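What follows draws every value from the coordinates through simple rules; no lab data is involved. Keep in mind that this is a model prediction, so the values were computed, not measured. Backbone-built Cβ (ideal geometry, glycine too); neighbour counts: all protein chains shown.
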Amino acid sequence: MPIPADGYPLAAAVSPRVQVVETTDSTNADAVAAVLADDAGWPHLSVLVTTDQRRGRGRLDRTWVTPAGTALAASVVVRVGALPIAARGWIPLIAGVAMTRAIAAQLRGIPQAVGLKWPNDVLVEGQKICGILAEAVPGEFDAVVVGAGVNTRMPRVDLPVATAISFAALGQEADEDRLLADYLSGLDRLLMDLIDAEGDAVAAGVQSAVESVCTTLGGDVVVSLPDGTTLEGRAERIDAQGRLVVSAGGAEVPVAAGDVTHVR
């Protein structure tokens, strides 16, 4: 699918800069480089977008490759200088909530099947439709780039794994401009709520917003931790720091980072 001739007017009504590129290796890498080269030219909520990303990156240094025209890749610059550093771990979770809501608004008949797998994968009926990666811009105190990749027009045969899904595989068509506009609006609103609350996610309603869409909660999980160990138990809640609290062996263990598998 080529980039629309009229661009992304709904997204442009929300964002001060919508930079569309025909193709790129990584929108996140491009956005980080752009901020470093021209900081003032990339104000809060600027976005770089493409439908042809060749070497996208996910969490844990995973690569994300899709056929041209089958997925929407967008990297948003958020300016968070007013947000306490200790609260910035909420940024990818906030992005996950915003994207979950944006995708749910697009799906006819099954919006209730859309949820967030902690910390920031969007699932439809348990299958991944979107991944998110947030990266601080080196040397920039206030700039974070939040990248998201949404499987839009990818046929089922091209899905990389059995646990992936796309709008097309669901028999639905995504309005990419509306999707992007809704995502940007939701992301900005939640970030501003958190900033206004001086980083207190509970007071801002951010913690409850995450819990309301998080399908990880209440289920049995296996968490692969950064040190190579695994944690098995039941996902109980999201704590005030955005950590996943897992009950295991009679104790509650807060997990700040890890790769979660939902146990069916």
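Return the tail of the calculated pair distribution for the stretch 189-244, meaning the percent of Cα-Cα pairs more than 16 Å apart. When all Cα pairs of the stretch 189-244 are counted, 51 percent exceed 16 Å.
With θ taken as phi - 60° and the Karplus curve 6.51 cos²θ - 1.76 cosθ + 1.60 applied, the whole-hertz 3J(HN,Hα) list for the stretch 123-129 is 10, 10, 6, x, 10, 6, 10 Hz, x standing for glycine and proline. Rounded to the nearest whole Hz, the Karplus-based 3J(HN,Hα) values (6.51 cos²θ - 1.76 cosθ + 1.60, θ = phi - 60°) of the stretch 100-109 follow the sequence 4, 5, 5, 5, 4, 5, 8, 8, 8, x, with x at glycine and proline. With Cα atoms as the point set, the radius of gyration and Dmax of the stretch 217-262 evaluate to 9.4, 25 Å. The H on the amide N of ALA143, modeled in the peptide plane, is under 5 Å from the matching H of VAL80, VAL137, each at least 5 residues off or on a different chain. Where only DSSP H runs of four or more residues are counted, the chain gives -7500 deg cm²/dmol as its mean residue ellipticity at 222 nm, each run worth -39500 (n - 2.57).
Taking a ≥ b ≥ c as the square roots of the eigenvalues of the alpha carbon gyration tensor, the chain is oblate, as a/c is not under 1.5 and a/b does not beat b/c. Here the residues LEU10, LEU184, ranked from fewest to most Cβ neighbours within 10 Å of their Cβ, fall in the order LEU10, LEU184.
Comparing VAL76, ALA98, VAL157 along the charge dipole axis of the stretch 9-210, the residue lying farthest to the positive side is VAL157, per the Cβ-charge model. Quick one: among ALA181, ALA105, ALA162, which has the greatest mean-square fluctuation in a GNM of the chain with alpha-carbon springs under 10 angstrom? Of ALA181, ALA105, ALA162, the most mobile in the Gaussian network model is ALA162. For the stretch 93-134, the Stokes-Einstein estimate of translational diffusion at 25 °C and a viscosity of 0.890 mPa s comes to 247 µm²/s, using the Kirkwood hydrodynamic radius over alpha-carbon pairs. Ordering of 23-30, 92-99, 223-230 by packing is 92-99, 23-30, 223-230, highest average first (other Cβ atoms within 10 Å, averaged per residue). Placing +1 on the Cβ of every Lys and Arg and -1 on the Cβ of every Asp and Glu, with no other charges, gives the chain a dipole of roughly 580 debye about its Cα centre.
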